[in-house]
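**Student:** Sharing a structure with you now.
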């Protein structure tokens, strides 16, 4: 199986990369980043790099770069910010999904047929899809994430022969090496809306390989499934 990870050199993207590589059923991983990062490609021989300097100019990306990505069985979008950045948090992931899907459709027509793309979008626990709802906490960011979720799932539904989309909505992510940040995350989100990086990483790697019947997956399911996978790995 081949998995592509957009933002594989970010703090969360690296977690996804690490746990994806722990799976023997993943033969190839494409790390998609804006700049070359030798620390990514040196991790494992299965990791290959694809550089996209500007996600706002996908029409300038070389065919050779697309060729390394477009036959992936699953793609994980792990880029995002906490501020109001419409390009990064809305326009870029939608444009990438549409461009990649269309290229795969064109290739199907020309010569071969891929399996349906599994597109995994990193969202957040406080995402709000109801654009009319009055919000008091990070209103613009939450509505934008909600709009991205709605349009991603709607696009996948319209192209259901070619792509299936999953939006994961973790709460505060506890990064194992940073005790201060973890304390702040738990203070803001509370224990019930926190998820350890290893739980999230295991869950996302599992989702990339096996899929799910759910299109939107919340923090509780991420924690419970990720924790169960960790326990099973220790037993085996």
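**Student:** Return the pairs, sorted by first residue and then second, in which the second residue is loosely packed, with under 13 Cβ neighbours inside 10 Å and not in a loop (DSSP other than H, G, I, E, B), the first residue lies in segment 102-120 and is on the phi < 0 side of the Ramachandran plot and at pLDDT 80 or above, the beta carbons are less than 6 Å apart, and the residues are 6+ apart or on different chains.
**Tutor:** As it stands, the answer is none, since no pair meets every condition given.
**Student:** While we're looking at this one, here's another question. With the checklist (1) over 21 Å from residue 204 (Cβ atoms); (2) touching a helix residue (DSSP H, G or I) at 6+ places or on another chain (Cβ under 7 Å) in hand, flag the one item residue 102 doesn't pass.
**Tutor:** So residue 102 meets the others, but not (2).
**Student:** Pick from segment 14-46 the residues that are out of contact with any strand residue (DSSP E or B) (no Cβ under 6 Å at 6 or more places or on another chain) and touching a residue at least 60 places away in the same chain (Cβ under 8 Å): which of them is farthest from residue 174 (Cα to Cα)?
**Tutor:** Applying the filter and picking the extreme gives 25.
**Student:** Out of all the residues in segment 150-183, which are modelled with pLDDT under 60 and part of a helix (DSSP H, G or I)?
**Tutor:** 179, 180, 181, 182, 183
**Student:** Still on this model: Hey, residue 65 hits all of (1) over 19 Å from residue 203 (Cβ atoms); (2) at pLDDT below 90 but one; which does it fall short on?
**Tutor:** (2)
**Student:** Could you grab me the full set of residues in segment 187-236 that are at pLDDT below 90 and assigned to a loop (DSSP other than H, G, I, E, B)?
**Tutor:** Those that are at pLDDT below 90 and assigned to a loop (DSSP other than H, G, I, E, B): 190, 236.
**Student:** Ok, one more. Restricting to segment 74-101, give me the number of residues that are part of a loop (DSSP other than H, G, I, E, B) and either on the phi > 0 side of the Ramachandran plot or in contact (Cβ under 8 Å) with a residue 24 or more places away in the chain (or both).
**Tutor:** Matching residues across segment 74-101 total 6.
**Student:** For segment 126-149, which positions are in contact with a helix residue (DSSP H, G or I) (Cβ under 8 Å, 6 or more places away or on another chain), under 30 Å from residue 103 (Cβ atoms), assigned to a helix (DSSP H, G or I) and at pLDDT below 95?
**Tutor:** Within segment 126-149, 144, 145, 147 qualify.
The values are calculated or read from the model by the stated rules, or taken from the named source; none is laboratory data. In this text, all values refer to a predicted model and were calculated from it rather than measured experimentally. Here the Cβ is made from the backbone with ideal geometry for all residues, glycine too, and neighbour counts use every protein chain on show.
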